[in-house]
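Quick notes on the structure that follows.
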Amino acid sequence: MEQVDNLVGMAIFARVVEAKSFSGAARRLGISKSAVSKHVTRLERELRARLLNRTTRRLSLTDAGATFYPHCARVLQEAEAAEVAVSRLGSAPRGVLKVTAPAAFGYMHIASAMPEFLARYPDLKVEMDLIDRMADLAEEGIDVAIRLFGEPAPNSVARALAPIRWVVCASPGYLQRHGRPASPESLSGHNCLFYAFRSLESDWRFRDRGGDVRGVKVAGNLTATNSLAIREAVLRGLGVAMSPTFVVGDDLRAGTLEPLLPDYEALGNFSSHINAVYLPNRYLSPKVRAFVDFFVERFGPQPYWDRGLGLPGVEAPASRPARAARPGGVAKQAAGPGS
């Protein structure tokens, strides 16, 4: 086998390992599954060693494959780094950018920013999938995932876009009929509606001014796997909800919802921050860098949806950003990582 064929086979083998399947590697490489299989088989024949254990359900590395993979990964990373380094010389972000985001947050705060983002980067085309599940970036060929849940995977990079804050709220009409809860424990007498994407646990957690955290059991006649559905029900006076401020911030400012329990910090079931997650690369591609930097500056530590709500550490003005962010930030490696 010629040296160039060896290098191609090594790159394809590395993609198979990262994607955990031939089909995932084929999608990411833009070639057929059979071509991927042939390259790996040819590489094994050349090395006189089996690299992968193949079953109908999954692939796993042999001892030889586990030894060989890090070398292949370095070859691939260096090739990608060289390509990106050259393309960045006078090159604007271009091509197809595949993004996934949780349905509610993506609809309210990512999709609404796309006209401004694409006006700034006219050579980009965005393919956006709004889904409430943890997509596999390598398997599905995704460039950036917006994540609200969990820790980043060990083989990924996460950059914080904004903090996630929560508020317990209800409509004025509901409060007129049922009264205003004075403490977390008094929620037991109210119809509590809650978001239950990950589980059906009915505990709401609070931190008091002394820093103590406590959970209270709540009950109600509606749970939903989409926070916009809970928002709609609360607006119509069905009950009390603990909602992220990125969903109900405008309603609180307008007075169509009222915040409750001001002496307690509501603790939700998401991560502490909204993260942009992507696969590691020594040189971040211009299109991914542009997307991440745009939203880091658009949201930031005091996102527009929190302003005017009287939250600690948040400025009072309640205006959205007037212009898009400028690219230029540097991503950080995370220890590990949607509504």
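Any read-out appearing in this document is the output of simple, stated calculations on the displayed coordinates, not a laboratory observation. Keep in mind the model is a prediction, meaning the values are calculated, not measured. Neighbour counts are summed over all protein chains in view; Cβ atoms, including those assigned to glycine, are modelled from backbone coordinates with ideal geometry.
List the residues whose amide H sits under 5 Å from the amide H of Lys125, counting only those 5 or more places along or on another chain, with H placed 1.01 Å from N in the peptide plane.
Excluding prolines and chain starts, which carry no amide H, the hits are Gly95, Val96, Leu97.
As an exercise, use a Förster radius of 25 Å and the Cβ-Cβ distance of Ser272 and Val216 to find the FRET efficiency, rounded to the nearest 0.05. Walk me through the numbers before you get to the answer.
Details: r = 21 Å, r/R0 = 0.83.
Calculated transfer efficiency: 0.75.
If you take every residue apart from Leu124 with its C-beta less than 10 Å away from the C-beta of Leu124, what net charge results, scoring Lys and Arg +1 and Asp and Glu -1?
The answer is +3.
What is the diffusion coefficient of the stretch 92-186 in µm²/s, taking the Kirkwood radius over Cα pairs and the Stokes-Einstein relation at 4 °C with a viscosity of 1.567 mPa s?
Numbers: Rh = 16.5 Å.
It diffuses with D of about 79 µm²/s by this estimate.
Report, for the stretch 166-267, the % of DSSP beta bridges that are antiparallel, rounded to 5.
Here the share of antiparallel DSSP bridges comes out near 80 percent.
Kindly give the semi-axes, whole Å and largest first, of the ellipsoid equivalent to the stretch 164-275, taking each as the square root of 5 times a Cα gyration tensor eigenvalue. All intermediate terms of the calculation are to be shown ahead of the outcome.
Numbers: eigenvalues 66, 55, 43 Å².
The three semi-axes for the stretch 164-275 are 18, 17, 15 Å.
Work from the charge dipole of the chain (Cβ charges, +1 for Lys and Arg, -1 for Asp and Glu, about the Cα centre) and give the residue of Val17, Ala153, Ala103 farthest towards its positive end.
Of the candidates, Val17 comes out farthest on the positive side.
Under a cut-off of 29 Å between alpha-carbon atoms, report the lysines in cross-link reach of Lys38, not counting same-chain residues fewer than 8 places apart.
Lys20, Lys98
From the phi angles alone, apply the Karplus equation (6.51, -1.76, 1.60; θ = phi - 60°) to the stretch 59-66 and give each ³J(HN,Hα) in whole Hz, x where the residue is Gly or Pro.
Running phi through 6.51 cos²θ - 1.76 cosθ + 1.60 with θ = phi - 60° gives 10, 9, 7, 7, 4, 5, x, 5 Hz.
Determine the percent antiparallel among the DSSP beta bridges restricted to the chain, to the nearest 5.
On the way: 26 of 39 bridges.
Percent antiparallel among DSSP bridges in the chain is about 65.
Could you tell me, in Å, what Rg and Dmax come out for the Cα atoms of the chain?
Every Cα atom of the chain included, Rg and Dmax give 23.9, 80 Å.
Among the aspartates and glutamates, which fall within straight-line cross-link reach of Lys217, defined as a Cα-Cα distance under 19 Å, with same-chain neighbours fewer than 8 residues apart omitted?
Candidates past the 8-residue exclusion: Glu185, Glu201, Asp203, Asp208, Asp263, Glu265.
Please give the peptides 252-262, 175-185, 232-242 ranked by average Cβ packing (other Cβ atoms within 10 Å per residue), highest first, as a rough proxy for protection. Walk me through the numbers before you get to the answer.
On the way: 252-262: 16.0, 175-185: 13.8, 232-242: 20.1.
Put in order of decreasing packing, that is 232-242, 252-262, 175-185.
Could you list which residues have their amide H under 5 Å from that of Val167, counting only those 5 or more apart in sequence or on another chain, with H placed in the peptide plane?
Ser243, Thr245
Given the alpha-carbon gyration tensor of the stretch 3-87, what are the semi-axes of its equivalent ellipsoid in whole angstrom, ordered largest first, with each equal to the square root of 5 times an eigenvalue? Could you put the intermediate results ahead of the total?
Values: eigenvalues 83, 44, 29 Å².
After scaling each eigenvalue by five and taking roots: 20, 15, 12 Å.
Using a simple spin-label model with points 7 Å from Cα along the Cα→Cβ vector, what separation in nm is obtained for Ala64 and Lys38?
According to this spin-label approximation, the distance is 2.2 nm.
Distances over 20 Å make up what percent of all Cα-Cα pairs in the stretch 221-291?
Details: 1179 of 2485 pairs.
It works out to 47 percent of all Cα pairs.
Please turn the phi angles of the stretch 139-150 into ³J(HN,Hα) values with the Karplus equation 6.51 cos²θ - 1.76 cosθ + 1.60 (θ = phi - 60°), one per residue in order, whole Hz, x for glycine and proline.
Per residue, the Karplus-derived 3J(HN,Hα) values read 4, 9, x, 8, 7, 9, 10, 8, 10, 10, 10, x Hz.
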